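Trainee: Sharing a structure, written as C-alpha cells. Questions coming.
Quick note: the coordinates plus some simple rules give every number you see, no bench work behind them. What you are looking at is a predicted structure, and each value in this text was computed from that prediction instead of being measured. FYI the Cβ positions are ideal-geometry reconstructions off the backbone, even for glycines, and counts take in every protein chain you see.
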Amino acid sequence: MKQIQDHYFHKAKKEGYVARSVYKLQEIDQKYHLLAKRNRVLDLGCAPGSWLQYAAKQVGCGGEVVGIDLSSIALKLPENVTVVQADIFEYPFREQFAQPFDVILSDMAPKTTGVKSVDAQRSCNLCEQALQIANEYLKPTGSLLVKAFQGGPFEQLRQQFREQFSHVKIYKPKSSRQESVEVFLLGLQKK
Ligand SMILES: C[S@@+](CC[C@H](N)C(=O)[O-])C[C@H]1O[C@@H](n2cnc3c(N)ncnc32)[C@H](O)[C@@H]1O
C-alpha cells in the first residue's frame with residue numbers, strides 16, 4: 001500500500017493507529033453513528049488493522065469484531081477481535097458465521113492497474129461481493145459501508161444498494177485524498 005506521510009499519517013502514529021485510513025471510518029462513524037456498544041462487526045479487507053482497532057473500541061468488550069484479509073496482520077489486537085486470513089471470494093462464510101452482524105465494513109481495494117475502467121470494475125466486483133455477503137450475513141436494519149471507485153459501474157452499484165437498504169449515502173471523508181477516485185457508499189437500515 002502506498003504510504004502518504006501527511007497530517008493524518010502523523011496523527012495516526014501519535015494516537016497509536018496502524019494506518020491513516022482509520023480517520024475515514026472515524027469521520028463516517030461520527031456523522032452517521034454506525035458503530036455502537038455491543039455490536040457484532042465484520043471488517044472485510046481489514047489489514048493492516050486500523051479499522052479493527054477503531055471498531056474494537058467503539059463496540060467495547062461486550063461487542064465483537066471479525067476481520068478478513070488476504071494478508072496477515074502483525075498487530076497485537078484487543079481480545080474482542082478475531083482475524084482470518086482468506087480471500088472473501090473463497091471463504092466459507094456459511095460454515096463459520098452462525099450469528100449475523102450488526103455492521104459490515106469494507107475498505108477493500110483491488111490491485112490497481114492504472115487503467116481507470118479496469119480498476120473501477122475490480123473495485124465494483126469487491127463491492128458487489130460485500131453486498132452479497134451483507135445480503136446473507138447482515139441483520140435486518142443493519143448497515144453496510146464499502147469503499148468504491150467512482151466511474152464505470154458505480155451508478156449500477158448505487159442502485160443495488162438502494163434495493164437492499166432504506167437509505168443510501170455517498171460520502172467522501174476529508175482524509176481521503178481529493179485526487180483519489182475513492183468514495184464510500186453507505187447502506188443504512190437493511191430492508
Ligand atoms: C486499504 S487496505 C484496508 C485498510 C484497513 N481498513 C485499515 O484501516 O487498516 C485494503 C485491503 O483489502 C484487502 N483485500 C483486497 N481484496 C481482497 C479479497 N478478495 N479478500 C480479502 N481481502 C482483500 C487487501 O489485502 C488490503 O489489505
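Trainee: So what's region 1-125 giving for Rg/Rh, alpha carbon basis, Kirkwood Rh from the mean inverse pair distance?
Mentor: Working: Rg = 14.9 Å, Rh = 15.4 Å.
Over the Cα atoms of region 1-125, Rg/Rh equals 0.97.
Trainee: About the Cα centre of the chain, what is the dipole size in debye to 20, counting +1 per Lys and Arg Cβ and -1 per Asp and Glu Cβ, all else neutral? Working shown, then result.
Mentor: Working: 26 positive and 20 negative charges, 129 e Å.
So the dipole magnitude of the chain works out to roughly 620 debye.
Trainee: Convert each backbone phi in region 89-96 into a coupling constant with the Karplus relation 6.51 cos²θ - 1.76 cosθ + 1.60 (shift: θ = phi - 60°), then list the ³J(HN,Hα) values in order as whole Hz, x for Gly and Pro.
Mentor: 7, 10, 5, x, 3, 4, 6, 9
Trainee: Using the count of nearby Cβ atoms within 10 Å as a rough guide to exposure, how do L126, L75 rank from fewest to most? If you can, show how the numbers build up before the last one.
Mentor: On the way: L126 22, L75 16.
Placing the least packed residue first, the sequence is L75, L126.
Trainee: I would also like to ask the following. So for the chain: antiparallel DSSP bridges make up what percent, rounded to the nearest 5? Working shown, then result.
Mentor: Values: 12 of 31 bridges.
Antiparallel bridges make up about 40 percent of those DSSP assigns within the chain.
Trainee: For the pair Q85 and K139, what calculated FRET efficiency results from E = 1/(1 + (r/R0)^6), where r is the Cβ-Cβ distance and R0 = 25 Å, to the nearest 0.05?
Mentor: Between K139 and Q85 the formula returns 0.45.
Trainee: How big is the gap, in Å, between the Cα center of region 25-51 and the Cα center of region 66-118?
Mentor: The two parts, judged by their Cα centres, are 13 Å apart.
Trainee: With contacts defined as alpha carbon pairs under 8 Å and 6 or more residues apart, what's the relative contact order of the chain in percent? Display every interim value, and only then the final one.
Mentor: Working: 351 pairs, mean separation 33.7, N = 191.
18 percent.
Trainee: For a quick protection proxy, order the peptides 144-151, 34-41, 53-60 by their average other-Cβ count within 10 Å, most packed first.
Mentor: Working: 144-151: 23.0, 34-41: 18.6, 53-60: 20.9.
Sorting 144-151, 34-41, 53-60 by mean packing, highest first, produces 144-151, 53-60, 34-41.
Trainee: Right, next: Going through the cross-link list K37/K169; K14/K172; K57/K190; K14/K190; K37/K116; K11/K31, which pairs have a Cα-Cα distance over 30 Å in this structure?
Mentor: Details: K37/K169 23 Å; K14/K172 24 Å; K57/K190 24 Å; K14/K190 36 Å; K37/K116 39 Å; K11/K31 20 Å.
From K37/K169; K14/K172; K57/K190; K14/K190; K37/K116; K11/K31, over 30 Å: K14/K190; K37/K116.
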